[in-house]
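Engineer: Following this message is one structure expressed as structure tokens.
The values are calculated or read from the model by the stated rules, or taken from the named source; none is laboratory data. These numbers come from a predicted model, not from an experiment. Because the Cβ atoms are built from the backbone with ideal geometry, glycine has one as well, and the counts that use them run over all protein chains shown. Surface areas here come from the heavy atoms of the whole protein model, side chains and all, with no ligands, DNA or RNA. Shrake-Rupley method; radii C 1.70, N 1.55, O 1.52, S 1.80 Å.
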Amino acid sequence: MGSELNSTDPMRLKIAVQKNGRLTDSSLDLLSRCGLKYSRGKDQLMCYGENMPLDVLFVRDDDIPDLVQEDVCDLGLVGLNVVQEKRLAFAARAIAPLFETVQLLDFGRCKLCIAVPDGFDYRGAQSLQGKRIATTYPHIVGRFLADHGIAAEVVVLSGSVEIAPRLGRADLICDLVSTGSTLAANHLRHAETVLDSQAVLIRTPVPIAPEKQEWTRRLLMRIDGVEQVKGSKYIMLHAPRSALPAIAKLLPGSEAPTVIPLEGRGDRVAVHAVCRENVFWETLEELKGVGATSVLVLPVEKMLA
Ligand code: PRT
Ligand code: ZN
């Protein structure tokens, strides 16, 4: 009861997260990695941050930009596809969008694609002329058609887009694809990518109440820190000083490694570096090839620039 009262406190930050879907686990994992402790009951619509003045609202992903637009939430975690569709829908109604993308996040990757039935002779956007395209993204598809000067009919569906051609409701579709297995199972094939999508952090461009600004700043910095270390590795090795230029070339995305002389080992030094990309066995073998020994690769948990 106490937490319910507190969670409507206007001085607490609110972040909208998908309630139950593909983005839910990764969104909550991101907030946990930012240090948020919360308790979530089954079917709960809101949960109260126990160690930060931050509450999580669980909603359908399509509602997330609206909640930020209406100032119910300060922040949201949602697919770029949803953000773009909403932005174009607002533009069509001459409404200024009150949500802006702060950061791309390393999950929820997919592509919004035009897909055609097997046997459809697709030769670029011109092949869409006069066709019926089924989609749940009418504004993005409308923009794509307008950009290519194509007149086609957009058939708006709320789901199961992939079966529209078989049902005779459309000639082809525009839908999200990740592995491609849904397309294959429905005898469709990728023809064109309309949008590369992934989860994004959105926020209101309206100035946040001064009482919430400090925690907004801290949370955004932590999210940035979590995103930066995803896939990053800390690498330690010993090598001859003369091999340093070759080692710098081999270490992916590393900046200014720390070089420490090794007591009583003449020319040999210890090298410590953060690599912004994964370090593969091939790289370790090449490092060995230029004289590196005692190579250790460790995961990076947190990073504050
Ligand atoms: O109930 P709610 O409205 O919140 O959920 P939802 O059903 O609208 O969304 P959900 O959970 O399916 O997806 C949420 C977000 O995840 C999307 O807006 C995208 O940003 C992202 N995402 C990533 C995907 C996919 N990958 C994806 N593959 N969203 C949907 N799909 C669907 C696609 O529509 C198609 O039906 O998966 C099928 C294709 O997958 P493959 O692997 O067979 O190619
Ligand atoms: Zn949805």
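Engineer: If you check Leu220 against the conditions, is it open to solvent by less than 60 Å² (accessible area, probe 1.4 Å), assigned to a strand (DSSP E or B) and either more than 16 Å from ligand 2 (Cβ to nearest atom) or touching a helix residue (DSSP H, G or I) at 6+ places or on another chain (Cβ under 8 Å) (or both)?
Structural biologist: The answer is no for Leu220.
Engineer: Please enumerate the residues belonging to the stretch 202-217 that are open to solvent by 30 Å² or more (accessible area, probe 1.4 Å) and in contact (Cβ under 8 Å) with a residue 24 or more places away in the chain.
Structural biologist: Scanning the stretch 202-217 gives Arg203, Pro205, Val206, Ala209, Glu211, Trp215.
Engineer: So Leu296 passes all but one of these: (1) open to solvent by less than 80 Å² (accessible area, probe 1.4 Å); (2) assigned to a strand (DSSP E or B). Which condition number does it fail?
Structural biologist: In the conditions (1) open to solvent by less than 80 Å² (accessible area, probe 1.4 Å); (2) assigned to a strand (DSSP E or B), Leu296 misses (1) alone.
Engineer: Just checking, which of Ala199, Ala246 is open to solvent by 20 Å² or more (accessible area, probe 1.4 Å), touching a residue at least 24 places away in the same chain (Cβ under 8 Å) and small (Gly, Ala, Ser)?
Structural biologist: Ala246
Engineer: So, one more: If you check Gln103, Gln129, Gln84, which single one turns out to be more than 23 Å from the chain's Cα centre (by Cα) and polar (S, T, N, Q)?
Structural biologist: Matching residue, one of Gln103, Gln129, Gln84: Gln129.
To keep it simple, each residue is scored yes or no on (1) in contact with a helix residue (DSSP H, G or I) (Cβ under 7 Å, 6 or more places away or on another chain); (2) of a type in the set (Asp, Glu).
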site	(1), (2)
Gly79	yes, no
Val82	yes, no
Glu85	yes, yes
Ala89	yes, no
Phe99	yes, no
Phe107	yes, no
Cys113	no, no
Ala125	no, no
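Engineer: Restricting the first residue to the stretch 58-79 and requiring it to be open to solvent by 40 Å² or more (accessible area, probe 1.4 Å), which pairs with a second residue that is near ligand 2 (Cβ under 9 Å from one of its atoms) meet a Cβ separation below 7 Å and a spacing of at least six or different chains?
Structural biologist: Final answer for the pair search is Asp62/Val82.
Engineer: Moving on. Does at least one position in the stretch 192-213 carry a residue that is assigned to a helix (DSSP H, G or I) and under 26 Å from the mean Cα position of the chain (by Cα)?
Structural biologist: Yes, because at least one residue in the stretch 192-213 is assigned to a helix (DSSP H, G or I) and under 26 Å from the mean Cα position of the chain (by Cα).
Engineer: Test Arg93 against the criterion of being without any contact (Cβ under 8 Å) to a residue 12 or more places away in the chain, charged (D, E, K, R) and open to solvent by 40 Å² or more (accessible area, probe 1.4 Å), and give yes or no.
Structural biologist: Answer is yes for this residue.
Engineer: Determine which single condition Asn186 fails, assuming it passes every other condition in (1) under 21 Å from Gly108 (Cα atoms); (2) within 16 Å of ligand 1 (Cβ to nearest atom).
Structural biologist: For Asn186, the exception is condition (1).
Engineer: How many of the residues making up the stretch 17-45 are buried (at least 17 other Cβ atoms within 10 Å of the Cβ) and away from ligand 1 (no atom under 11 Å from the Cβ)?
Structural biologist: 7
Engineer: Only one of (1) touching a Lys or Arg at 6+ places or on another chain (Cβ under 9 Å); (2) modelled with pLDDT under 95; (3) open to solvent by 40 Å² or more (accessible area, probe 1.4 Å) fails for Pro252. Which number is that?
Structural biologist: Among (1) touching a Lys or Arg at 6+ places or on another chain (Cβ under 9 Å); (2) modelled with pLDDT under 95; (3) open to solvent by 40 Å² or more (accessible area, probe 1.4 Å), the lone unmet condition for Pro252 is (3).
Engineer: Looking at Leu176, Leu172, Leu183, Leu167, which one is closer than 22 Å to Val17 by Cβ and not polar (S, T, N, Q)?
Structural biologist: Leu176
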